[in-house]
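Just below is one structure, and these are the notes that go with it.
The values are calculated or read from the model by the stated rules, or taken from the named source; none is laboratory data. The structure displayed is predicted, hence computed values, not measured ones. All Cβ positions, even for glycine, are placed from backbone atoms using ideal geometry, and neighbour counts span all protein chains on display. These area figures cover heavy atoms from the full protein model, side chains too; ligands, DNA and RNA do not enter into them. Shrake-Rupley method; radii C 1.70, N 1.55, O 1.52, S 1.80 Å.
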Amino acid sequence: MAEKKEQKIVVFLSLLPSDKNLILNGVKIATIFKKELCLCFNYSGKQKKNHSQFKAKLIEYSNPIKNEIPGLKVSTLLLSEHLKDIPEKLSDDLEAIFIVAAKSQFKKYSPALTESPVPFLFVDEEKETIPDYKRVVLPIDLRSENSDSALWVSYFGRFNNTVIVVVAANDKIRENKNRVAKNVVLTKKLYQKFNLQHKFFKGQKGSLGVADEALELALTMEIDFLTILGSSTITPLDLLVGLPEKRIIRHSKSLPVLVINPRKDNYILCD
């Protein structure tokens with residue numbers, strides 16, 4: 001009988017000094033959810049001759065964590081794959097459920113995010129203070145996939161006692177308004193079911209602008225991270241000027257941003 005793989009929190013590394021803060025955020029998330037931490041580096045074909053050096057560097061990263069936090073399982077992974085294929089490969093083959101990546105590398109990881117069945121947490125790798133992930137802002141718009149972002153935020157509430165602040169879109173068209181209202185009702189039921197600390201606010205902006213409004217709110221409050229849904233469709237304009245989530249991340253300062261991909265069925269966290 002095959003051994004059941006353990007779910008993993010994967011940290012995408014660059015083998016640069018800034019990796020330290022990415023790893024510390026990964027350690028925090030893995031500790032919250034009691035999952036294995038996987039330190040991952042993806043190299044190009046041209047770097048194949050450096051494979052042993054890369055492997056040694058990852059071991060250099062992982063050993064202190066194993067010594068300092070003996071209860072935390074830590075693994076390392078070297079890959080040489082097209083970025084867009086990595087999240088699905090990791091989730092299917094290694095039970096990856098969550099990826100931590102650098103904000104400064106969003107453009108690089110964007111193709112992977114749009115194909116990812118697991119959420120990406122983009123963190124400011126230059127910020128040395130690691131958040132407790134105790135307060136989150138969640139925008140809700142008219143899309144049915146809001147159930148995925150609401151569910152992931154509920155995990156933080158259940159396993160970390162995270163306080164959830166929800167900003168609901170204020171659409172004017174009746175059909176859109178009804179779709180937002182349905183999402184709000186379902187989200188409230190979920191949070192009430194698990195007795196999570198939560199507050200709901202009706203926003204000023206409609207579904208197209210509620211994520212920006214949620215970011216503005218998060219930056220004015222003592223919030224640890226923002227959770228948003230990524231783009232459901234990618235238009236030629238998006239390719240020209242950049243995805244809305246790119247704009248959110250660019251303006252989010254040092255605030256971590258958790259991005260859920262609505263284009264894929266998301267993997268869930270096993271208790």
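How about region 1-43: which of its residues are among the charged types (D, E, K, R) and within 18 Å of Lys108 (Cβ to Cβ)?
Filtering region 1-43 for residues among the charged types (D, E, K, R) gives 3-6, 8, 19-20, 28, 34-36.
Selection gives Asp19 alone.
Criterion first (surrounded by 13 or more Cβ atoms within 10 Å (Cβ to Cβ), modelled with pLDDT of 95 or more, within 22 Å of the chain's Cα centre (by Cα) and outside any strand (DSSP E or B)) does Val11 satisfy it? Even if it seems obvious, please write down each step before you answer.
Details: surrounded by 13 or more Cβ atoms within 10 Å (Cβ to Cβ): yes; modelled with pLDDT of 95 or more: yes; within 22 Å of the chain's Cα centre (by Cα): yes; outside any strand (DSSP E or B): no.
Taking the combined requirement at face value, the residue does not satisfy it.
Results for (1) outside the structural domain of Val153 (by the TED database); (2) out of contact with any Pro (no Cβ under 9 Å at 6 or more places or on another chain); (3) open to solvent by less than 70 Å² (accessible area, probe 1.4 Å); (4) closer than 28 Å to Lys199 by Cβ, shown as yes or no for each residue.
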residue	(1), (2), (3), (4)
Ala56	yes, yes, yes, no
Ser62	yes, yes, yes, no
Glu88	yes, no, no, no
Ile97	yes, no, yes, yes
Ser104	yes, yes, no, no
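Cβ-Cβ below 6 Å, separation at least six or inter-chain, first residue in region 117-145 and farther than 26 Å from Arg179 by Cα and outside the structural domain of Glu175 (by the TED database), second open to solvent by 50 Å² or more (accessible area, probe 1.4 Å) and among the aliphatic types (A, V, I, L, M): which pairs?
As it stands, the answer is Ile130/Leu24, since those pairs meet every condition given.
Got a sec? Which of Lys20, Lys48 is in contact with an Asp or Glu (Cβ under 9 Å, 6 or more places away or on another chain) and surrounded by fewer than 15 Cβ atoms within 10 Å (Cβ to Cβ)?
On the way: Lys48 fails: in contact with an Asp or Glu (Cβ under 9 Å, 6 or more places away or on another chain).
From the options Lys20, Lys48, the qualifying one is Lys20.
Could you say whether any residue in region 24-35 is closer than 27 Å to Tyr267 by Cα, assigned to a loop (DSSP other than H, G, I, E, B) and modelled with pLDDT under 95? Step through it out loud before you land on a result.
To start, the set of residues in region 24-35 that are closer than 27 Å to Tyr267 by Cα comprises 24-35.
Of the ones still in play, those that are also assigned to a loop (DSSP other than H, G, I, E, B) are 34-35.
Checking which are modelled with pLDDT under 95 leaves us with none.
No, region 24-35 contains no residue that is closer than 27 Å to Tyr267 by Cα, assigned to a loop (DSSP other than H, G, I, E, B) and modelled with pLDDT under 95.
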